[in-house]
1. With the requirement that a residue be surrounded by 20 or more Cβ atoms within 10 Å (Cβ to Cβ) and either in contact with a Lys or Arg (Cβ under 8 Å, 6 or more places away or on another chain) or facing chain A (nearest Cβ under 7 Å) (or both), what does the stretch B:31-47 give you?
2. Considering B:Ser70, B:Ser92, which residue is among the hydroxyl-bearing types (Ser, Thr, Tyr) and either facing chain A (nearest Cβ under 10 Å) or out of contact with any Cys (no Cβ under 6 Å at 6 or more places or on another chain) (or both)?
3. Take the conditions modelled with pLDDT of 95 or more, away from chain B (no Cβ under 14 Å) and out of contact with any helix residue (DSSP H, G or I) (no Cβ under 9 Å at 6 or more places or on another chain) and apply them to A:Val529. Does it pass?
4. Could you check the stretch A:595-634 and list, in sequence order, the residues that are closer than 14 Å to A:Arg400 by Cβ and of a type in the set (A, V, I, L, M, F, W, C)?
5. Working only within the stretch A:419-465, note down all residues that are touching a Pro at 6+ places or on another chain (Cβ under 7 Å) and outside any loop (DSSP other than H, G, I, E, B).
6. Please determine, by comparing only the residues of the stretch A:471-497 that are among the acidic types (Asp, Glu) and within 14 Å of another protein chain (Cβ to nearest Cβ), which one is nearest to the chain's Cα centre (by Cα).
7. Only one residue in A:Arg170, A:Arg175 is in contact with an Asp or Glu (Cβ under 7 Å, 6 or more places away or on another chain) and away from chain B (no Cβ under 14 Å), so which one is that?
8. Do you know which residues across the stretch A:466-497 are farther than 24 Å from A:Gly240 by Cβ, of a type in the set (A, V, I, L, M) and in a strand (DSSP E or B)?
Amino acid sequence: MKDDYAVIGKSVPKIDGRAKATGQARYTGDLKFPNMLVGKILTSPHAHARILHIDTSEAEKLSGVKAIITHKDVPSKKYGISPARWDENIFCIDKVRFVGDKVAAVAAIDEETVYKALKLIKVEYEVLPAVFDPVEALTENAPLIHEEFPGNINAEIHQEFGNVEEAFSRSFHVRTDTYIGQRTYQSPIEPHAAISMWDGGKLTVYASTQSPHYFQYYLAREFELPMGDVRVLKTFVGGGFGGKMEPTGLEFGGAVLARITGRPVKMFYDRAEMFAHNRGRHRQIMELTTGVDREGKILGSYANFIMDGGAYTSLGIASAYYAGALLTLTYDFDNYKFDMIRVYTNLPACGAQRGHGAPQPKYAYECHLDNIARDLRLDPAEIRLINARKPNTVTPNSFRINSCELSACIDKAKKISGWNEKRGKLPGGKGIGIAVGSFVSGAGYPIYRTDLPHAAAIIKVHEDGSAATLYTGATDIGQGSDTVLCQMAAEAMGIKYEQMKIVSADTETTPHDFGAYASRQTLMSGSAVKEAGEMVKEQVLEMAGKMLEVSPSELDCKEAVVFLKSDPGISIPFSNVARKLFVDKGPLVGRGAYTPPKLGGSFKGAAVGTSPAYSFATQISEVEVDKETGEIRVKEVWDVHDCGKVINPALLHAQVHGALFMGMGEAIWEEVRFDKNGKIINPNLSDYRLPTALDMPRVTSELVESYDIAGPWGVKEVGEGATIPTMGCFANAILDAAGVSVNSLPLSYEKVWQALREKEAGEKQTRKPIEHEGYPGEPAAYEME
Amino acid sequence: MECIEDKYGIKRYLIQIVVNGDDRALLVTANTLLVNVLRERLDLTGTKKGCELGNCGSCTVLLDGKPVDSCLVLAVEADGCEITTIEGVAQSEELDRLQNSFVENAAIQCGYCTPGMILSAKALLTRNPAPKEQEVRQAIAGNLCRCTGYVNIVKAVMAAAATTEQEKRGVA
């Protein structure tokens, strides 16, 4: 099918590329306002302690200090991004629950004075016993972190679809494996910042946020203001990856400091404070049991997980549900059971990081499936093809899948990677692995209960018709939504991309949108934008019909020219028509809104994981393992994606690169680590090891033809889906290369080395040494006993 | 270096630097960082702060042509030096070849690392106009990017180098 689009499907340069390449782009921390103060938050040095007394008197005496606030000066209403569990206070009232918990804040004339003042605040603590491990936190004598949550249980999930026990009883082979994830942190390069100011009763906050709407909602709720008196504006945002979804405390504290001082207050986190505030990926302990028939067809799976939530809920209820819910997407089976406990510990709260709760469970499942394939002597790609989901199916947990080209993705990935030529045939130390994934294109339900549309858009055509401005609440945090939404608007109106201007993510000037999370904006915000553009086009064609004395149905508009479909030589510039509309009728405006259809089942937690459409992906990677040192070199990665119609191919592939890069970091190096007192030992960007340009392997990103009826022009997501298979794909390649399984993340050199030594020792003990020879072959070392 | 003392006994030093071609004379304390002079005093906020420990490279500027983390340079150390920030890379409304290449090759996502990345690349192309891919990777290894996986950044730098070389050959 040949597309006949003038703007979408093209790799136009980013609309903000020039501003970002020249240093003109201003991020929140770059902004200055007259008379502005600088503020910072004082945090707890203890993981668990009762606050006995706070003495701010010395700090108040310091010249340049303008205000100091504690819990006494701020609303005491509990908040949290998950309405299911509001468990955070702006500042701790009775006790602190992790190293970094918020205690007080200072505003002063400059940064240096703020730091001096923070040191002068004296907080007397009674240190309490703390618990850092979720399994330990569940034991009877563990310290209780929240009085309201006995047993330190933050959330418990028990779901069963079909009958897993029955499925196992008729299985040819049933296998159980356990995997452990790690805490990782989003690490956007731009630190969090917020600037708050008041104009009478109206609060304005400039913030480095992924969702101005949720910030506005929670600010209004805390300060008991109508939403209309809270304006939240996004500036340029230096990356989010889930970490800038929820209020950080900087906007609450800053708003109070600004009200007390009557001056704008800029608050920010430094890098160590970002790590302490966290809201990154949960550490999960994941036990999986799966039964398959003789051919490798999955009959049922049981996922039994425990999740370390840290001290607060954050987005963790959704993370907990996502962890199990999304495991049903890629493979077609009827019987599924999911048990999960999200546990409070005295560590920083965890939340949503790219892929939300799903990447670690998918790592576990993809490794588990490789083990099953080895047990049955099946090609790992083959077992995935046997089980791959088909289009127009429904998962056991009631997710409706429209388009799904997973089998095509697997086939293409095999082909471009040379899978058949390489599998089991690579020289010693080298290996190849495969994994698949799927992700939502927007959540079917918002984070708090509301009947507001999920996205809305307004397009205003300028009075001379030479340009159009799109007003959208969608939030560009670097992924390029401003650009693709302008492409969509231009396409829908029939004008050129170069004519587009955009105002985005300002709760006062742009219409409501929930923001950048759950990979929602291309589909959801895009639907609203398309509708708005089509409304403009309809008015233009009608006016043009009058001007050309033909019926509007005989006309079309493309690249800013209205023309007669039967004779394109008869035409009139879009700008002439738009100008006439303005003169005759006033502003030429289009508007649109998007609400997803009712989705999902009726069981508890059924909403999490619902989406209008799902992306699918296959990744294959080739790695080299140094059997002496355990060192891993990722040689090459191939990603094949089913993400529906592509609006901007260059930006789409760039999303794949970035998601894969993040997955690679998590797979091999990244881990937030703590000392025995719960203090982070690597809260910086050298000890928390992000991959550099020298680590990134060659990447091939390809697509399969796909179209989803739920999305505008058939679009689906890509930004998070490409992180889902990565860890499993590397783990499976390491297994192929070195014959060892590392069942915990990260798959560090040390762990690989350890596994290799254990394998050696095991081989010496066994009468007949077992050498891994690829698939099909002898069972690997980990299977012995 | 000339120095004055305030009533609390804190000394301020007069530094004279050339920033993007302009002479600047400023009073700074001994512990003032170059990054803060650029951002706070001269309002050149294109130079970003990401870690203030020299780990991320967002604050990279050229100090007498060499890329440095301006969060690790004291303002007094920069006295007498020429500094190029991202704002000084393009000489006019027309973008520099590297900037253009970053835009054209989708090498920019959130853009926070971009200024530092472009300056590191600029320094590389000045000393080595036709780098190999591995040399590009080495030159930007001190600049962390969380969005792109560096794929398109490497591509953009290679493409900028190629156009420079082509032009040279065209002229010769």
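1. Within the stretch B:31-47, B:Val35, B:Arg39, B:Thr45, B:Gly46, B:Thr47 meet the criteria.
2. The match here is B:Ser92.
3. So A:Val529 fails the test.
4. Across the stretch A:595-634, the qualifying residues are A:Leu599, A:Ala606, A:Ala607, A:Ala613.
5. A:Ile434, A:Ala435, A:Val436, A:Gly437, A:Ala456, A:Ala457, A:Ile458, A:Lys460
6. A:Asp476
7. Just a single option satisfies the conditions, and that option is A:Arg175.
8. Result: A:Ala468, single match.
The values are calculated or read from the model by the stated rules, or taken from the named source; none is laboratory data. Every value quoted in this text rests on a predicted model; they were computed, and no experiment measured them. Cβ sites come from the backbone with ideal geometry, for glycine too, and all protein chains shown count toward neighbours.
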